[in-house]
Amino acid sequence: MNRLTAILAATTCLSGAAFADDERIIVGFATAETGFMQAYDKPAQDAAMIRIAEINDAGGLLGKQIEVVNADTKTDRAEGAKAGLSVIDQGADLVVVSCDYDFGAPAALAAESNGLISFFLCAESIKAGIQGVGPNSFSASVLGAVQGATMAEWAYNKKEARTFYRLLDTWTEYNKSICDGFDWMMPQLADAELVGQDTFLNEDASIAAQITRIKSLPEEPDAIMLCTMMPGAVSAIKQLRAAGINSMILNGSGVDGSYWLSAVPDLSNFFVPVQGSIYGDDPNPAVNEFNAKYTEVTGGAPATQYTYPGYVMIDVWAKAVERAGTTETSAVVAELEKMKGEPTLFGPRTFTSELHHQNQARYLIVETNNGTPGVVDEWTISSPIPVADLMK
Amino acid sequence: MGGIMQVVFDALSLGSLYALGALGIALIFGVMRLVNFAHGDVIAFSVFALLWPSVDAVAIIFAGNLPWFLLIPFTLAVGAGLSVLSEVVVFRRFRRANPATMMIASFALGFVIRYFLLMLFSSRPKSISLLPGLSQPVEILGARIPLLQLITILVTIGVLIGLTAFLRRTRFGLEMRAAAENFTMARMLGVRANRVIMGAFALSGALAAAIALILGSQTGTANIMMGASVMLMAFIATVIGGMGSLAGAVIAGFALGAIATVMQVILPPDARAFRDAFVYGAVILVLIFRPQGLLAARGTKERV
Amino acid sequence: MARPSILRRTIATPLILSALLVAFALAAWFAGSRPFNQTVIDIFLQVVFVVGLYTFVGNSGVISFGHIAFACLGGYVAAWTTIKPMMKGSAMPGLPDWLMQMEIPYWAAALAGGGFAAFWALVFGAVLMRLSGIAASIATFAMLAMVNAIYSNWSSVTAATSSVVGIPILRSIWPYMIAAILAVFIAWAFSISRYGLALRAARDEPTAAAASGVNIARVRLIAFVISGAIMGAGGALYAHSIGIVTPDTFYLGLTFTTLSMLVVGGMGSLSGAVLGVLILSSLIQGLRWLEAGVQIGTSTIALPGGVQEIALGAVMILILMFRPTGIMGNSELTGRRARTEKPGEPGTT
């Protein structure tokens, strides 16, 4: 990381003196450097910095070096608004905001009202875009609903799953969106049956009552769609397995990573959709190269797939700026909206004037078998989820 | 039969957690009228003490690798130690302060502990395989439950019996009960205040550590906020049990666990998300009809 | 209502406090930095919340953990009444038609938020105000948890846990300053009114007050409703300051921040409520600057991230250690030589 900072610091000094204010290209990060969200923002931001360094090494953007300014949101919404205003006042052309929609929105709204492009590092709610923040807002990740839909369709086609159980943690919108995507897909799968559903809360000390409900079914379901996230996810998975439920467990990307697997020894029959593999077995060798580079720069390998959207974000934005020939908001937005299946390191990306998000995406399927995760398949849902269904 | 037993065990194991938490809060409240909001953070700290400080995603297990007969005393000692330390460094200077001041001071202390952990470990939940042997399911009375659930219930019953014996049979316990009933009077009659209060803090801290062990092995996660929800429920249990009444706290803890479990079972799916609203509604009802709590401790009645 | 002499003797307090608030606003105005402007807006909102909390807690002596629930109610009123009808339709389809079509200015939303919160304060208060002491505190907490659970799950009307966006953002500092000053004056007017005096008498000498014919539950209820209204209006303005509301903003975090500011400032004092906010907020801000790094000569000195919160907690403990009744105790800023008000003679009647 130190090397990266040094490079960027050097470029800041050089170009700062050389160009007039409107001549500079500045990316402003209004992200969490401290507090709860820091663990989620930092990796994606590091990935974004790697892409920025790559662009700068290759001669910059529109012939100029990209500069970076930061402001800390402290994982607080009111501070987020301040951080957004702070990077805008420092001349940001692109405002990068916190990974989570709830925490990123105040800064993104500040960018929107100043007519600037905002990019959520990895938000997966449709509101992180036109439908929530406004017409100049984008997200670098894929909608949570796509994850639920992908898992349902894949398990149905590849694993012959017919009976499904839906277990939703109502704590966050992300969790609900996974289950929404699952709900959207289910009616399209002939003779797939939802045999039961239940809810819990991420912070529940015990989900024994919910487990009892599953166990009282006449037959164990083929698959449990588990819509939750850390930290409650580990607890739920551990309790499900400890109760002797061996159904396959389908998840959103939020539980990706091997760092927590020690909590559930010998976990098997467990499936997660990811945009790229952190396990060194990605079918695309360029991803494995990126992992190596990330390890070299930051001193540690990526811990989850949520590192990757940061890289994608700078990648697509820089391409749009290059094509527009300017950093001016409306021109760049127009170029971004022209992207149809734009290839990136982590799958194709599409933006339209209706949706600044991915409602269909290629996902790698990671299976954890005997405590070891690895890529086993890839899947793209057969049709994109309509915007109207995402908005309900 | 099996179905009903299953619900009974679920309710008992959740209730056990709340009861242990409520005991920890009631013990301290009894001797110094302090509502200790740092209790939840003591729980979190006890789990994190098993890890080596690092902000990486992968937890570096430190004391967590000890065999169980060393691990359990170690964790209990950490909880008790931190709790006593907080008494010596902070709460000792608040003996004469009003309850609101003490409460905010305890909250501030919890805040310090939490952010200290956050600085050392980052906010990412850490995984830790504590006492993995307890994750096996066992069959009992027609219900198939995780071994840990059974142990939680047994441990709680054991702690309750042990604590009762301690409070009734030992001189220290007698002093503590006397102090809980009327602190000034007890002091005049020769009870050594500092010793009793430190004892209460040590017991309370050890109870927090016991919860930490149960939560840690149940969830497999060390999380900075992990003590918060148990602490809130425990706090409520302490109040509706009758502040300062240890038996009341335990009964109320089990009652809250039972209500939450039964609600989850009987509510229709659409209403289940509102479970907590019903639970808290029940709390208000209890307070309206029994403002002094289910078992009011003598000497805590308010004037008028 | 109050005798003119009380009015004359105590009017200095709200005037001094208002002058302090105006000074903060002018500082922000002269600094001209938008992030700093936003910081001061935040401080004014905290003043509204803490003064609202003081109106009940300070006068009645009952600690309330539930007042942030009223801010939540008010914040959602702002969302219901000020978002463009088109956006409302998709985020909160369950709203009744008349509410769906409504689009009112921010100040009207603040008033409506205050009114809505006051209504619910009346409903909850009618039940809860019979309780005292710690039972009342827990009951108010249960109320907060209930409101939070309902607002977090009622998707068609509150969009559940999802952030509601589209609330017009108001970045001018003056409306917030006016709101803070109004809150200070309302709190002052209540505390010198017949009910305020009766309530404080009941706080200090419940038996004597009840014997002199004070209906404790009733005067508490009045204070509860007024403070609920202030919190509700504050919640609505909070929504306008960042443009989003979520149930989770109005939960334990804000509850403890506001309570801490009140207790550190001095629970029984209006000046304490305002000073608690100003002092702790300035402290937080100062620590954040240190955390971001200070240029000294050629080197930058920065505290490691996270030290701010730890230092804040430590300072709060220290303040309370040396001033257990808070910075102001029970006394007010009067512009004259400090004179401690004895608990036995509230309001110096």
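Here are the numbers:
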{"read-out": "Under-5 Å amide H pairs with B:VAL138, H placed in peptide plane, nonlocal only", "value": "B:ILE145, B:LEU147"}
{"read-out": "Max mean-square fluctuation residue, GNM over chain B, Cα-Cα springs under 10 Å, options B:VAL89, B:VAL279, B:VAL239", "value": "B:VAL89"}
{"read-out": "Relative contact order (percent, whole number), chain C, Cα cutoff 8 Å, 6+ residue spacing", "value": "29"}
{"read-out": "For region B:20-227, with +1 on Lys and Arg beta carbons and -1 on Asp and Glu, the positive-most of B:THR75, B:SER46, B:ASN194 along the dipole", "value": "B:ASN194"}
{"read-out": "Within-15-Å neighbourhood charge of A:LEU189 [Cβ basis; K, R +1; D, E -1]", "value": "-2"}
{"read-out": "From the C-alpha gyration tensor of the protein assembly as shown, square roots of 5λ in Å", "value": "44, 37, 27"}
{"read-out": "Of A:PRO373, A:PRO343, A:PRO106, the one that fluctuates the most in a GNM where chain A has Cα springs shorter than 10 Å", "value": "A:PRO343"}
{"read-out": "Relative contact order (%) - region B:20-227, alpha-carbon pairs under 8 angstrom, separation at least six", "value": "43"}
{"read-out": "Most mobile listed residue (C:ALA236, C:ALA110, C:ALA211) in chain C, GNM with C-alpha springs under 10 Å", "value": "C:ALA211"}
{"read-out": "Per-residue ³J(HN,Hα) for region A:328-337, Karplus 6.51 cos²θ - 1.76 cosθ + 1.60, θ = phi - 60°, Hz, x for Gly and Pro", "value": "4, 3, 5, 5, 5, 4, 4, 5, 4, 6"}
{"read-out": "Placed amide H near C:GLY61: partners under 5 Å, 5+ positions off or other chain", "value": "none"}
{"read-out": "Computed lengthening from B:PHE166 to B:LEU85, 0.36 nm per intervening residue step minus Cα-Cα distance", "value": "26.9 nm"}
{"read-out": "Karplus-derived HN-Hα couplings along region C:103-109 (A = 6.51, B = -1.76, C = 1.60, θ = phi - 60°), whole Hz, x at Gly and Pro", "value": "8, 10, x, 4, 5, 5, 5"}
{"read-out": "Label-point separation in nm, B:VAL55 to C:ARG9, each point 7 Å along Cα→Cβ", "value": "5.6"}
{"read-out": "C:THR325, B:THR152, ranked by accessible area, largest first (probe 1.4 Å)", "value": "C:THR325, B:THR152"}
{"read-out": "Fully extended contour minus Cα-Cα distance, from A:VAL376 to A:ALA58, at 0.36 nm per residue", "value": "110.9 nm"}
{"read-out": "14 Å beta-carbon shell around B:ASN223, net charge (K/R +1, D/E -1)", "value": "+1"}
{"read-out": "Region C:4-248 - charge dipole about Cα centre, Lys and Arg +1 at Cβ, Asp and Glu -1, debye rounded to 20", "value": "440"}
{"read-out": "Efficiency of FRET between A:GLU23 and C:SER156 - r from beta-carbon atoms, R0 41 angstrom, step 0.05", "value": "0.25"}
{"read-out": "Considering only the protein assembly as shown, percent of DSSP beta bridges that pair antiparallel, nearest 5", "value": "45"}
{"read-out": "Contour excess over end-to-end distance, with Cα ends at B:ILE153 and B:LEU70 and 0.36 nm allotted per residue", "value": "27.7 nm"}
{"read-out": "Charge dipole of the protein assembly as shown about the Cα centre (unit charges at C-beta), most positive-ward option of C:VAL123, B:PHE166, A:GLN275", "value": "B:PHE166"}
{"read-out": "Hz values of 3J(HN,Hα) by residue in region C:139-152 - Karplus curve (6.51, -1.76, 1.60), Gly and Pro given as x", "value": "5, 5, 5, 4, 4, 4, 5, 5, 4, 5, 5, 5, 5, 7"}
{"read-out": "Amide hydrogen neighbours beyond the local backbone of A:LEU61, cut-off 5 Å, H modeled", "value": "A:ILE66"}
{"read-out": "Degrees separating the helix A:101-113 axis from the principal Cα axis of chain A, which is the longest one", "value": "30"}
{"read-out": "Within region A:32-72: Cβ-based charge dipole about Cα centre, in debye rounded to nearest 20 (Lys, Arg +1; Asp, Glu -1)", "value": "120"}
{"read-out": "Share of carbon and sulfur in the accessible heavy-atom surface of the protein assembly as shown [1.4 Å probe, %]", "value": "63"}
{"read-out": "Rounded to the nearest 10 Å², the accessible area of B:VAL286 at probe 1.4 Å", "value": "50"}
{"read-out": "Helix-only [θ]222 nm of chain B, DSSP H runs n ≥ 4, -39500 (n - 2.57) each, per residue, nearest 500", "value": "-23000 deg cm²/dmol"}
{"read-out": "FRET efficiency estimate (nearest 0.05) - Cβ-Cβ, B:GLU139 to C:ILE178, R0 56 angstrom", "value": "0.25"}
{"read-out": "Accessible area buried at the B-C interface, both sides summed, 1.4 Å probe (Å², nearest 100)", "value": "3600"}
{"read-out": "Pairs from A:LYS176/A:LYS338; A:LYS64/A:LYS340; A:LYS158/A:LYS340; A:LYS127/C:LYS84 whose Cα-Cα separation, in the structure shown, is over 23 Å", "value": "A:LYS176/A:LYS338; A:LYS64/A:LYS340; A:LYS158/A:LYS340"}
{"read-out": "For region A:71-200: relative contact order, % (alpha-carbon pairs under 8 angstrom, 6 or more apart)", "value": "17"}
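The values are calculated or read from the model by the stated rules, or taken from the named source; none is laboratory data. Keep in mind it's a predicted model, so treat the numbers as computed, not measured. In this analysis, Cβ positions are derived from the backbone assuming ideal geometry, glycine residues included, and neighbour counts consider all displayed protein chains. Only protein heavy atoms, including side chains, enter the accessible area calculation; ligands, DNA and RNA are left aside. Shrake-Rupley method; radii C 1.70, N 1.55, O 1.52, S 1.80 Å.
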